[in-house]
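Have a look at the structure that comes next, please.
The values are calculated or read from the model by the stated rules, or taken from the named source; none is laboratory data. Here the structure is a predicted model, which means the values were calculated and not measured. With ideal geometry, Cβ positions are generated from the backbone for all residues, glycine too; neighbour counts draw on all protein chains shown.
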Amino acid sequence: MVKYQSRLELIKPMAASLADWLMDYYLDDQWPEIILPVPLHRKRLRERGYDQTLLLTKALKKLLSVRDLDIEQRLIKRTIHSVPQQSLDATARQKNIRNAYTLNGTPPWHHVALVDDVVTTGATVNEITRLLKKSGVKRVDIWSVARTPES
């Protein structure tokens, strides 16, 4: 709804729900060193006019009372503008997203949180996680407000 119907007023309640869950989860675990939002391609950003994942990430940051947990927006870059994943099956999604992202440098962190608004097949977060781990990141936590159940 947020993404395709411009229902930006839903970002804060979705972030609040996710923030509550994260605060409980990390009671028994170590917080990531940095938050990385999954970026849009610049053409898609121009078409839509906003980046729902970045807005979600910023709302989360405000709600989480974790000292020194910052957002890094420049590390991951979407370099290939492809068709929207929504219309594709799982196999096509993986092909569509392969090599669509690059890293601007080597991340200095060992534990990161990757934020995506919705995880459907996992193709996007898997691709970015692959890049991050290849560059030395040891742990990637996926933060998302929704996960499509596997069929």
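Pick out the one residue from LYS138, LYS95 that is without any contact (Cβ under 8 Å) to a residue 24 or more places away in the chain and out of contact with any Gly (no Cβ under 8 Å at 6 or more places or on another chain). So that I can check it myself, show each step before the final result.
On the way: LYS138 fails: without any contact (Cβ under 8 Å) to a residue 24 or more places away in the chain.
Going through LYS138, LYS95 in turn, just one is without any contact (Cβ under 8 Å) to a residue 24 or more places away in the chain and out of contact with any Gly (no Cβ under 8 Å at 6 or more places or on another chain): LYS95.
Then there's this: Pairs only if they're at least six apart or on different chains, beta carbon under 6 angstrom, first in segment 37-62 and more than 19 Å from VAL119 (Cβ to Cβ), second exposed (fewer than 14 other Cβ atoms within 10 Å of the Cβ) and not polar (S, T, N, Q); list them, first residue then second.
LYS43/HIS81
Within segment 104-151, work out how many residues are farther than 17 Å from ILE76 by Cα, part of a strand (DSSP E or B) and either within 11 Å of the chain's Cα centre (by Cα) or of a type in the set (A, V, I, L, M, F, W, C) (or both).
3
Rundown of residues vs (1) in a helix (DSSP H, G or I); (2) more than 22 Å from ILE97 (Cα to Cα); (3) among the hydroxyl-bearing types (Ser, Thr, Tyr); (4) at pLDDT below 90, yes/no style:
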{"site": "ASP24", "(1), (2), (3), (4)": "yes, yes, no, no"}
{"site": "ILE35", "(1), (2), (3), (4)": "no, no, no, no"}
{"site": "LEU40", "(1), (2), (3), (4)": "no, no, no, no"}
{"site": "LEU54", "(1), (2), (3), (4)": "yes, no, no, no"}
{"site": "ALA59", "(1), (2), (3), (4)": "yes, yes, no, no"}
{"site": "SER65", "(1), (2), (3), (4)": "no, yes, yes, yes"}
{"site": "ARG74", "(1), (2), (3), (4)": "no, no, no, no"}
{"site": "LYS77", "(1), (2), (3), (4)": "no, no, no, no"}
{"site": "SER82", "(1), (2), (3), (4)": "no, no, yes, yes"}
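Also, quick follow-up: How many of the residues making up segment 126-151 are at pLDDT below 95 and aliphatic (A, V, I, L, M)?
2
Listed here are the residues, each with its yes/no results for (1) charged (D, E, K, R); (2) out of contact with any Ser or Thr (no Cβ under 9 Å at 6 or more places or on another chain).
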| site | (1), (2) |
| --- | --- |
| GLU9 | yes, yes |
| MET14 | no, yes |
| SER17 | no, yes |
| ILE34 | no, yes |
| PRO39 | no, no |
| ARG48 | yes, no |
| LEU60 | no, yes |
| LEU103 | no, no |
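Of the numbered conditions (1) of a type in the set (Phe, Trp, Tyr); (2) under 22 Å from LEU132 (Cβ atoms); (3) not in a helix (DSSP H, G or I), TYR50 fails exactly one; give the number of that condition.
Unmet condition: (2).
Residue by residue, here is whether (1) touching a Leu at 6+ places or on another chain (Cβ under 8 Å); (2) surrounded by fewer than 14 Cβ atoms within 10 Å (Cβ to Cβ); (3) over 25 Å from TRP109 (Cβ atoms) holds:
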| site | (1), (2), (3) |
| --- | --- |
| TRP21 | no, yes, no |
| ASP24 | no, yes, no |
| PRO39 | yes, no, no |
| LEU55 | yes, no, no |
| ALA59 | no, no, no |
